[in-house]
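The values are calculated or read from the model by the stated rules, or taken from the named source; none is laboratory data. Values in this document were obtained by computation on a predicted structure and should not be read as measured data. Here the Cβ is made from the backbone with ideal geometry for all residues, glycine too, and neighbour counts use every protein chain on show.
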Amino acid sequence: MNELYRTLLNLPPQASTVARHIDYLHYVVITTSVLGAVGVAVATGWFLYRYRASRVPEGARSHIEHVPFSLELVVVGGLLGMFLLFWLVGYRQFVHLRTPPQGAMDVYVVAKQWMWAFAYPDGSASNRDLYVPVGRPVRLLMTSRDVIHSFWVPPFRVKQDVVPGRMTFTWFEARTPGTYDIMCAEYCGPHHSRMRGRVIVLAPDDYAAWQEGQWQAAQAEAGGAPANLAQLGERVAAERGCLRCHTVDGTPHLGPSWAGLYHAPIQLADGRTVLVDDAYLTESMMDPLAKVHRGYAPVMPSYLGLLSAAETAAIVEYIHSLAGVVPVRARQSPLAPGQNVNLTLPSVDAPRAPSLTPTPTPTQTPRQEAEPEGKGP
Amino acid sequence: MTDIVPPSEPPRPPVPRLPEEPLPTLPLPSSEPDFWRADRGLRSWLLTSDHKRIGILFLIGTSLSLVLGGVFALLLRIELLTPERTIVDASTYARFFTHHGIIMVWMFMIPVIPGVFGNFFLPIMIGAKDVAFPRLNLASFYVYVIGAVFTLVALVAGGVDTGWTFYVPYSTTTVSSVGWVVCGVFILGVSSILSGLNFIVTVHTLRIRGLGWMQLPLFVWNIYATAIIQVLATPVLGLSLALVGVDHVWHLGIFEPQYGGDPILFQHLFWFYSHPAVYIMILPAFGVITEVVCSYSHNPPLSYKALVAASLGIAFVGFLTWGHHMFVAGMSTFDSGVFGALSMFVAIFSAIKVFTWTATLRGGSIWFSTPIFYFFGFMFLFVFGGMSGVAVATSSLDVPWHDTYFVVAHFHFIMVGGTLTGFLAALHYWFPKITGRMYSERWGLVSAMAVNLGFFFTFMPQFLLGNAGMPRRYYTYPPQYQWLNVLSTAGASILAIGLVITVSYLAVACWRGPRAGKNPWRSRCFEWRVPSPPPKHNFLETPRWKSGAYDYHAAEE
């Protein structure tokens, strides 16, 4: 019955502890709504037919029929009782949603245009991907660096606005390992719909391995060890979210494309010209606002402490390997002059690196991907 | 309804009785030309103080807004046909949905029914020659035009990409032309306040003697309730948008957190207006639906008092429910509970209306016509839309639904299924009275069917998209949402075709339609007791109505 309703109503899987309860109330309320609307329409249609003028000529009516006041009172009172019942059950659930259980694991979330950053109690951090253990309540303490965003994971039925200047929170407890999309639900600018991330729910063992930094390596091995440093860089760039803003084929996006970037002279925002060499690339990763490429907003977060020396070198090597790529020309919109941001990117959301095969395209159906993502090797 | 002039009373001489504005010496009865032909020339239209002509001016202005807003809607739907870019880039898409919302809300739905039909019929329905302040009435039209021009200048000057809700701090930091559009909406708000004020004073002071409050046609009551909201809530919108404009230009830090402001405060202020604004849009449509039901079923409303009480109840409780837009915004849990419970009471007032309309049909003698078809569509769409409102007001359910396509579908069911349907019903119902000619009933039914079906297929899929989790204002989306988006776009095309058909046959009927008599629907309401089209001063002599607006047991007057 649950599955039937869920499929009929096009609801995502119920991957958190609260999802099923919210859905049950959803079924009741929607069924009532449909029955109510159809009932009114049928009654109206019947009256329109029954009392049509060709059957009841106006002059032939002897009196005007009335509905007893008591019936009206019963209908209205009954409806009010039903609405208040919805409110009561819904509000109890809402209070539950707003009350993180004792002993929940805290993760700090910083939202910015247009990415999610997560910081864990043990000092580790991640961009885009939130790693959590299955079966343990997780409380998210969230704030924004710029405008209002909203943390929304459909399979968890959890949503909370992330507001600059204040800390908001939400919590969830994942029931099944898997990968679930994070979407930004509050309009936050042109790339609002690109501000997606993933919650990666790991089995306890995998989570422990992840905490020690071994899980990624194990994942990587399962997908075939990188043949060279550039290939490792490609993988790191995908994992760390670099490719969400930088393209590798020259398509304009939030950040400068890496195609043909290496050893090219570029103009900085302050008018100077620099050569894109290993030093500049490294500096840009660690202190991105020091030398901003002209024409791009100073929005890149620092990766200081997030990338190991080897990973940094791998990304530089990867960008080096793209030196020969001829950038594709961008299509310009005639309607937005001055906006050279163009979103015809094939797919920043899908992993671009072929070496990342164990991570399928994030979709709404984590069941298909629970195996490779969740269980690990 | 009791007789307004009891038969026992000796007939009164037809002398003017309204001390505020004595009737001028009228020309000989039946010799005054109708209001279309009373004066000639463009100047006589642009400088008119005749409430009927101002109503026509509003009809032109709001219809053009509907076309413009509709074009934006179609562009949005075309863009959403594919998960990635289809026709425009992300910034342009954001401008499209912002201008669609601003134009539809402030330039079409808020002014349309009060501005067009309220202006045209409210004075006639209370036996007055005009509204209380005819020149202020004309001013409210020109203020509307100025506001619309500002809004359109914003569009030409690069457009606005904040969404119609102007949430800070995005709206105070974006580089788009927020200043122009905020000024435009502020000015449109002034127009709305002027109209509302005029209606309130008119109903209080210009009712013909003997016409008590509880004998007013129900359309008048709904316009009156709307006017109260317009006067009380619109200033809050004007002030909060002015503050956004100030913050945008000078960064005073009223709402911007980096200067100590509070973005949630803006949401409170915005929804304090914008939730009652929903009732500014829907209450006039309720009034139209009530008149349509009674006139075509030739039956008095089941309970006049219930409909009046429900209208006033909505106007009052509507002020206390704004927080249900903010359950996940960062508001306190306790507040969410209070706002959730209060929201249920608005629903119950709407339910009283629906129940009364349905029961009014019972025992009637119903003429099936285009307005009745729109009423039938309204009953399904509005009830489902309203019930989905109860659903999103249920706080735990709102958490997954908030800011998804479910909410988009919900408010379009109310706004399009309620207000647009009410507008189209009114347009057909009063067409013979306004133009003096009949439209083609066959084409009317065809287009009504297209509009209702198109509407259903546009927004029903969006409920399912919202259930699946697709957030609103998304330019790109995961591919599994595509088929529902394609279905929605197909529905929007049918809706557009239906509206084009409507404009076509109504335009033809203006010139070629057969002459309508005084009362083609055999209604008892007061406006059907004057000639079609009405003469310039509405009444050739001071009206003396012997029966009430819903006295269907009495003979036609």
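Scanning segment B:421-476 for residues that are within 14 Å of another protein chain (Cβ to nearest Cβ) and among the polar types (S, T, N, Q) turns up B:T421, B:N452, B:Q462, B:N467, B:T476.
Listed here are the residues, each with its yes/no results for (1) under 22 Å from B:M104 (Cα atoms); (2) of a type in the set (S, T, N, Q); (3) touching a Lys or Arg at 6+ places or on another chain (Cβ under 6 Å).
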{"position": "B:T205", "(1), (2), (3)": "no, yes, no"}
{"position": "B:I208", "(1), (2), (3)": "no, no, no"}
{"position": "B:L211", "(1), (2), (3)": "no, no, no"}
{"position": "B:V220", "(1), (2), (3)": "no, no, no"}
{"position": "B:A227", "(1), (2), (3)": "yes, no, no"}
{"position": "B:V249", "(1), (2), (3)": "no, no, no"}
{"position": "B:L252", "(1), (2), (3)": "no, no, no"}
{"position": "B:S274", "(1), (2), (3)": "yes, yes, no"}
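Note on segment A:283-309: residues that are of a type in the set (A, V, I, L, M, F, W, C) and in contact (Cβ under 8 Å) with a residue 40 or more places away in the chain total 5.
The set of residues from segment A:1-30 being farther than 14 Å from A:F156 by Cα and part of a loop (DSSP other than H, G, I, E, B) comprises A:M1, A:L9, A:N10.
Restrict the check to segment B:320-333 and report whether at least one residue is at the interface with chain A (Cβ under 8 Å from one of its Cβ atoms), assigned to a helix (DSSP H, G or I), over 19 Å from the mean Cα position of the chain (by Cα) and within 21 Å of A:L97 (Cα to Cα).
Among the residues of segment B:320-333, at least one is at the interface with chain A (Cβ under 8 Å from one of its Cβ atoms), assigned to a helix (DSSP H, G or I), over 19 Å from the mean Cα position of the chain (by Cα) and within 21 Å of A:L97 (Cα to Cα), which makes the answer yes.
Restricted to helices (runs of 4 or more DSSP H) entirely inside segment A:272-371, those with at least 3 residues that are modelled with pLDDT of 85 or more are A:278-286, A:309-321.
Results for (1) of a type in the set (D, E, K, R); (2) closer than 19 Å to B:G469 by Cα, shown as yes or no for each residue.
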position	(1), (2)
A:K112	yes, no
A:A119	no, no
A:A125	no, no
A:Y131	no, no
A:V134	no, no
A:H149	no, yes
A:R157	yes, yes
A:Q160	no, yes
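Restricting attention to segment B:399-413, does a residue exist that is closer than 23 Å to B:G313 by Cβ, touching a residue at least 40 places away in the same chain (Cβ under 8 Å), among the aromatic types (F, W, Y) and more than 8 Å from chain A (Cβ to nearest Cβ)? Yes, that holds for at least one residue. Residues of segment B:65-122 that are touching a residue at least 24 places away in the same chain (Cβ under 8 Å), of a type in the set (D, E, K, R) and either within 20 Å of B:I434 (Cβ to Cβ) or within 14 Å of chain A (Cβ to nearest Cβ) (or both): B:E79, B:E84, B:R85, B:R95.
Suppose we filter segment B:334-370 for residues that are out of contact with any helix residue (DSSP H, G or I) (no Cβ under 7 Å at 6 or more places or on another chain), more than 7 Å from every other protein chain (Cβ to nearest Cβ) and touching a residue at least 24 places away in the same chain (Cβ under 8 Å); how many remain?
0
Any residue that is away from chain A (no Cβ under 14 Å) and within 29 Å of A:S193 (Cβ to Cβ) - is there at least one of those in segment B:127-145?
no
Scanning segment B:512-550 for residues that are touching a Ser or Thr at 6+ places or on another chain (Cβ under 7 Å) and of a type in the set (A, V, I, L, M, F, W, C) yields B:A516, B:W521, B:C525, B:L540. Criterion first (of a type outside the set (S, T, Y), in a helix (DSSP H, G or I) and buried (at least 20 other Cβ atoms within 10 Å of the Cβ)) does B:I78 satisfy it? Considered against the rule, which asks whether it is of a type outside the set (S, T, Y), in a helix (DSSP H, G or I) and buried (at least 20 other Cβ atoms within 10 Å of the Cβ), B:I78 comes out as no. Cβ-Cβ distances below 7 Å connect the following pairs, each with a first residue in segment B:199-218 that is farther than 27 Å from B:L302 by Cβ, a second residue that is acidic (D, E) and not in a helix (DSSP H, G or I), and a separation of six or more residues or different chains: B:T205/B:E20. Residues that are surrounded by 13 or more Cβ atoms within 10 Å (Cβ to Cβ) and touching a helix residue (DSSP H, G or I) at 6+ places or on another chain (Cβ under 7 Å) within segment A:266-290 comprise A:V274, A:D278, A:L281, A:T282, A:M285, listed in sequence order.
Any residue at all in segment A:91-103 that's buried (at least 16 other Cβ atoms within 10 Å of the Cβ), at pLDDT 90 or above and farther than 30 Å from A:F156 by Cα? There is no residue in segment A:91-103 that is buried (at least 16 other Cβ atoms within 10 Å of the Cβ), at pLDDT 90 or above and farther than 30 Å from A:F156 by Cα.
Exactly one residue out of B:F373, B:F384 is in a helix (DSSP H, G or I), more than 7 Å from chain A (Cβ to nearest Cβ) and in contact with a helix residue (DSSP H, G or I) (Cβ under 7 Å, 6 or more places away or on another chain), and it is B:F373. Among the residues of segment B:310-319, those that are more than 11 Å from chain A (Cβ to nearest Cβ) and either charged (D, E, K, R) or in contact (Cβ under 8 Å) with a residue 24 or more places away in the chain (or both) comprise B:S311, B:L312, B:G313, B:I314, B:A315, B:V317, B:G318, B:F319.
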